[in-house]
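The structure under discussion is supplied below as structure tokens; questions concerning it will follow.
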Amino acid sequence: MHHFRTTTLSDIRRYLSGCAFLFLVLALACAVLAQSDGIQVGRAPKLYPDYTGIVLPPNIAPLNFKVEEPGAGYRAEIRSATGPPITVQSHDPAIRIPLEAWKKLVRANPGQLLYCDVSVRDEQGRWNRFTTTTNLIAHEEIDSYLVYRLLKPLYSVYKNIGIYQRDLESFSERPVLENKHTEGGCLNCHTFLNHRPDTFTLHTRGSPTNNPMLLVVSNQACRVDKTMGYMSWHPSGRLMAFSANKFSLFYHTHGETRDVFDAQSNLGIYRLDSNSIVLPPALCLPDKNETWPAWSADGKYLYYCSGPRLPKNEFNEVHYDLMRISYDIGQDRWGEPEMLLSARENGGSASEPKVSPDNRYVLFCRAKYGNFPIYQANSDLYILDVETRNIRRLNINSDRADSWHCWSANGRWIVFSSKRLDGLFARPFFSYFDAKGEFCKPFVLPQEDPSYYESYLKTFNVPELILGPITVKESTLAEAALKPAKILHPKGETRPPDSSGQAPIVVEGEGQKQYDPAAK
């Protein structure tokens, strides 16, 4: 005899509830199957640029990228511990992350991991999901602006050269000064006082009369009729160290064809407080070439490079030592030169020393010979621990030229110039410097179009970090170069002829405190 249980209203409710749950499970399963076809791709996606496994600042622009995987559709979900995730879906491989959503997410998660899940839809409409990529958002910010020179990889023609500034928190770029406003001469070697955007120098070259320097102090611009080379501000702002170089460009028949030979160089001091040039004997040795000056952050030491003075046919035998000399600004007294790295004992050639903000480390380049590392594929970055005197090659180098570098104001970031993407064009790369003294995997300057570097035919030169935007107008700088209201002519120098048609006031041997560049 069969016993039948009466179906009650409670049973129906339980059944419907169970069905709803089952339908929900099936729906979720279908969604997963629709996205990944039930099988996840067992590897990370190929991305360009390679924004994976890096440490990034909480104030950097979106790391837009291109998915280098075949497909008919692309999706990326970027997420972290706090805040809603960002989902970007595209018919092409370019993933462009919305700026404001990105800012909110990364600023809300300092010290947290940043995840990116990439999925690619195949021709059958199935979504294939790759392994999650992971980055880390640092607590420390990077200086908000980057200044660099853009130029084509020409040999000896000054054409379409300019100094530009880029807002690192967005993709905004605008010119500081383009050479079309300065009669087409070269512009180079922009140098800032303590990362300040309102006080800096930059050089002009190719003028029919001379090669002057533009000096901007508290956003007031003037012209200094003195040809100078590489420069470094003393942190007091009262003086600058500079090099006087006799460069010549020459060529090779294979590999990197360009090269530079420095036949003669010395170091000098330009005193803004007295508008005068000083040539310390210890920095002007007759049998040595001294170059690449760099003040320590406390102003107590001047670091530089020194090499033998040899004929041009022995260019590859010129190797520079890393040196420093003490200085007491209160007493205006120099110490004795001190060898930090001997090229004879250790091989290679040192150049471009830059001292960390805490005075603990010196970052510098090392190549096979000479002092122009950007033209040598073997150029690598090294670091000297001033306390222990330990020197090591950085793990962030590539097999291409890695050179011109700059510390951030807080000492937690560096930017450097690297040709690692294609071997021809230098691009700005950033690396985080952690509390243990280690550098993290570098990443290239983000661009709105992730394919930017594949087609952009200019090189980024002399990347320098500053704490805000340069606000002095481009027209003001151009006027200071061509039609200055006043000219600073350092004491002891020969006054160059003036062909501007104006009647500028020449100030000789008079301090910057008594000079008002805005006065007419």
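The values are calculated or read from the model by the stated rules, or taken from the named source; none is laboratory data. Keep in mind it's a predicted model, so treat the numbers as computed, not measured. No Cβ is skipped: glycine too gets one built from the backbone with ideal geometry, and neighbour counts run over all protein chains shown.
Can you name the condition, by its number, that Gly347 falls short on among (1) over 24 Å from Glu464 (Cβ atoms); (2) modelled with pLDDT of 95 or more?
The failed condition is (2).
Hey, another quick one. Could you check how many residues of region 389-441 are on the phi > 0 side of the Ramachandran plot and among the aromatic types (Phe, Trp, Tyr)?
Adding up the residues that qualify gives 0.
Got at least one residue in region 422-431 being touching a Pro at 6+ places or on another chain (Cβ under 9 Å), farther than 20 Å from Val147 by Cβ and crowded, with 19+ Cβ neighbours inside 10 Å?
Scanning region 422-431 turns up no residue that is touching a Pro at 6+ places or on another chain (Cβ under 9 Å), farther than 20 Å from Val147 by Cβ and crowded, with 19+ Cβ neighbours inside 10 Å.
Which residue is surrounded by the fewest Cβ atoms within 10 Å (Cβ to Cβ), if the candidates are limited to region 398-417 and must be over 24 Å from Asp262 (Cβ atoms) and of a type outside the set (A, V, I, L, M, F, W, C)?
Asp399
Something else: Report, by residue number, each residue of region 359-392 that is among the charged types (D, E, K, R), surrounded by 19 or more Cβ atoms within 10 Å (Cβ to Cβ) and without any contact (Cβ under 8 Å) to a residue 24 or more places away in the chain.
Asp380
Still on this model: Does Cys189 meet the test of being closer than 30 Å to Glu317 by Cα, exposed (fewer than 15 other Cβ atoms within 10 Å of the Cβ) and outside the structural domain of Arg107 (by TED's automatic domain parsing)?
Against the criterion (closer than 30 Å to Glu317 by Cα, exposed (fewer than 15 other Cβ atoms within 10 Å of the Cβ) and outside the structural domain of Arg107 (by TED's automatic domain parsing)), Cys189 does not qualify.
From Phe425, Phe439, Phe433, which residue is in contact with a Gly (Cβ under 9 Å, 6 or more places away or on another chain) and over 19 Å from Leu63 (Cα atoms)?
Going through Phe425, Phe439, Phe433 in turn, the sole match is Phe433.
May I ask you to say which residue of Arg344, Arg333 is of a type in the set (Lys, Arg) and free of Cβ contacts under 8 Å to residues at least 24 places away in the same chain?
After ruling out the rest, the residue left standing is Arg333.
Taking region 453-478 as the region of interest, how many residues are outside the structural domain of Gly162 (by TED's automatic domain parsing) and free of Cβ contacts under 8 Å to residues at least 40 places away in the same chain?
Matching residues across region 453-478 total 1.
Looking only at region 388-400, decide whether some residue is β-branched (Val, Ile, Thr) and over 19 Å from the mean Cα position of the chain (by Cα).
Scanning region 388-400 turns up at least one residue that is β-branched (Val, Ile, Thr) and over 19 Å from the mean Cα position of the chain (by Cα).
OK, next. Looking at (1) over 26 Å from Glu454 (Cβ atoms); (2) without any contact (Cβ under 8 Å) to a residue 40 or more places away in the chain, which is the only condition Lys103 fails?
(2)
Another question, then. Hey, could you check region 171-183 for residues that are part of a loop (DSSP other than H, G, I, E, B) and surrounded by 15 or more Cβ atoms within 10 Å (Cβ to Cβ) and say which is modelled with the lowest pLDDT?
Result: Thr182.
Looking at Thr182, Thr134, which is the one that is within 20 Å of Leu445 (Cα to Cα) and of a type in the set (S, T, N, Q)?
Thr134
Would you check if Ala76 is more than 20 Å from Leu465 (Cβ to Cβ), of a type in the set (Gly, Ala, Ser), without any contact (Cβ under 8 Å) to a residue 24 or more places away in the chain and not in a loop (DSSP other than H, G, I, E, B)?
No.
Please go through region 106-124 and pick out each residue that is over 25 Å from the mean Cα position of the chain (by Cα), in contact (Cβ under 8 Å) with a residue 12 or more places away in the chain and in a loop (DSSP other than H, G, I, E, B).
Ala108, Asp122, Glu123
Looking only at residues that are among the polar types (S, T, N, Q) and either at pLDDT below 90 or in contact with a helix residue (DSSP H, G or I) (Cβ under 9 Å, 6 or more places away or on another chain) (or both) in region 265-299, which one is nearest to Asp422 (Cα to Cα)?
Asn266
Same structure again: Which one of the conditions (1) within 23 Å of Trp102 (Cα to Cα); (2) assigned to a loop (DSSP other than H, G, I, E, B) does Leu146 fail to meet, given that it meets all the rest?
Just one mismatch for Leu146, condition (2).
Among the residues of region 345-365 satisfying the criterion of being over 18 Å from the mean Cα position of the chain (by Cα) and of a type in the set (D, E, K, R), which is farthest from Lys312 (Cα to Cα)?
That would be Asp358.
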